[in-house]
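Engineer: Here it is: the structure, laid out below.
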Amino acid sequence: MSIAFMLTTLVVVATPGTGVVYTLAAALSRGRRASVVAAFGCALGIVPHMLATITGVAALLHASATAFQVLKYAGVAYLLYMAWATLRDKEAITVDGDGAAPVPARRVILRGVLINILNPKLTLFFFAFLPQFVEPGRAGALPHLLVLSGVFMLVTFVVFAGYGVLAASVRSHVTSRPRVMTWLRRSFAGSFVALGAKLALTAR
């Protein structure tokens, strides 16, 4: 496990993206536990990309413009759906009251998983990123790839959960102000739209 790998991983994971936005929304709407669950879902969403890289599916996405475009626009559509749900249903950032039914953890996890699954750039990132830290022809290359992927997932969970816990710590100061909550709801929706547009305009 090289220092270069750890530093690169920290920079990539700590850079705000869809997973961070989703985790922050969970933290401000439902507190610390929900943010940790959301972070777990985002980390779990890395597994398909890891498997795709190891099995060579990433090479197909890299070679096939059609396959890449299909997955890319599926991701764009889901991000736009998240923006729409945030504004219309007011669910992604509505504070749970004493009488409110809690959102099942599996639903929070599923949304986090989908956010990361429907991002072809993550698969291509793994395809270009991981092999750099594995010596060509070395024995046990597959286990080494699995270890590196596992570390990447762990760092993702820890960093995202850290974002969430910090946001949850100021939750009471934020949620007591309706105007701030409205602004935050619109900001999160706008963030999902902006990230969707960025994904749509991104070439391979």
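The values are calculated or read from the model by the stated rules, or taken from the named source; none is laboratory data. This is a predicted model, so every value here is computed, not measured. As a convention, Cβ positions derive from the backbone with ideal geometry for all residues, glycine included, and neighbour counts pool all protein chains shown. In case anyone asks, the SASA skips ligands and DNA or RNA and just uses the protein heavy atoms, side chains included. Shrake-Rupley method; radii C 1.70, N 1.55, O 1.52, S 1.80 Å.
Engineer: Report whether or not residue 193 is at pLDDT 70 or above and surrounded by fewer than 13 Cβ atoms within 10 Å (Cβ to Cβ). Break it down stepwise before answering.
Structural biologist: Details: at pLDDT 70 or above: yes; surrounded by fewer than 13 Cβ atoms within 10 Å (Cβ to Cβ): no.
For residue 193, the condition - at pLDDT 70 or above and surrounded by fewer than 13 Cβ atoms within 10 Å (Cβ to Cβ) - is not met.
Engineer: Picking from 71, 122, 80, 118, which residue would you name as being closer than 20 Å to residue 19 by Cβ, at pLDDT below 70 and under 16 Å from the mean Cα position of the chain (by Cα)?
Structural biologist: Numbers: 122 fails: at pLDDT below 70; 80 fails: at pLDDT below 70; 118 fails: at pLDDT below 70.
Every option except 71 fails the conditions.
Engineer: Can residue 172 be described as more than 13 Å from residue 46 (Cβ to Cβ), at pLDDT below 80, assigned to a helix (DSSP H, G or I) and open to solvent by 50 Å² or more (accessible area, probe 1.4 Å)? So that I can check it myself, show each step before the final result.
Structural biologist: Values: more than 13 Å from residue 46 (Cβ to Cβ): yes; at pLDDT below 80: yes; assigned to a helix (DSSP H, G or I): yes; open to solvent by 50 Å² or more (accessible area, probe 1.4 Å): yes.
In short, yes.
Engineer: Further question on the same structure: Just wondering, is there one or more residues in region 177-185 that are at pLDDT 70 or above and surrounded by fewer than 19 Cβ atoms within 10 Å (Cβ to Cβ)?
Structural biologist: Looking for residues that are at pLDDT 70 or above and surrounded by fewer than 19 Cβ atoms within 10 Å (Cβ to Cβ), one finds none in region 177-185, hence no.
Engineer: Could I ask something else about it? Take the residues in region 1-12 that are modelled with pLDDT of 80 or more and open to solvent by 10 Å² or more (accessible area, probe 1.4 Å); name whichever of them is nearest to residue 108 (Cα to Cα). So that I can check it myself, show each step before the final result.
Structural biologist: Taking region 1-12 and keeping what is modelled with pLDDT of 80 or more, we get 3, 5-7, 9-10.
Checking which are open to solvent by 10 Å² or more (accessible area, probe 1.4 Å) leaves us with 3, 6-7, 10.
Details: 3: 33, 6: 28, 7: 29, 10: 24 Å.
Among residues in region 1-12 that are modelled with pLDDT of 80 or more and open to solvent by 10 Å² or more (accessible area, probe 1.4 Å), the one nearest to residue 108 (Cα to Cα) is 10.
Engineer: So which residues in region 23-43 are open to solvent by 20 Å² or more (accessible area, probe 1.4 Å) and either free of Cβ contacts under 8 Å to residues at least 12 places away in the same chain or within 9 Å of the chain's Cα centre (by Cα) (or both)? Steps first, answer last, please.
Structural biologist: Going through region 23-43, the residues open to solvent by 20 Å² or more (accessible area, probe 1.4 Å) turn out to be 24, 30, 32-33, 36-37, 40.
33 - this is the single residue of region 23-43 that is open to solvent by 20 Å² or more (accessible area, probe 1.4 Å) and either free of Cβ contacts under 8 Å to residues at least 12 places away in the same chain or within 9 Å of the chain's Cα centre (by Cα) (or both).
Engineer: Which residue pairs have Cβ atoms closer than 7 Å, lie 6 or more positions apart in sequence or on different chains, and pair a first residue in region 138-167 that is among the hydroxyl-bearing types (Ser, Thr, Tyr) and part of a helix (DSSP H, G or I) with a second residue that is open to solvent by 30 Å² or more (accessible area, probe 1.4 Å) and at pLDDT 90 or above?
Structural biologist: Filtered contacts from region 138-167: no entries.
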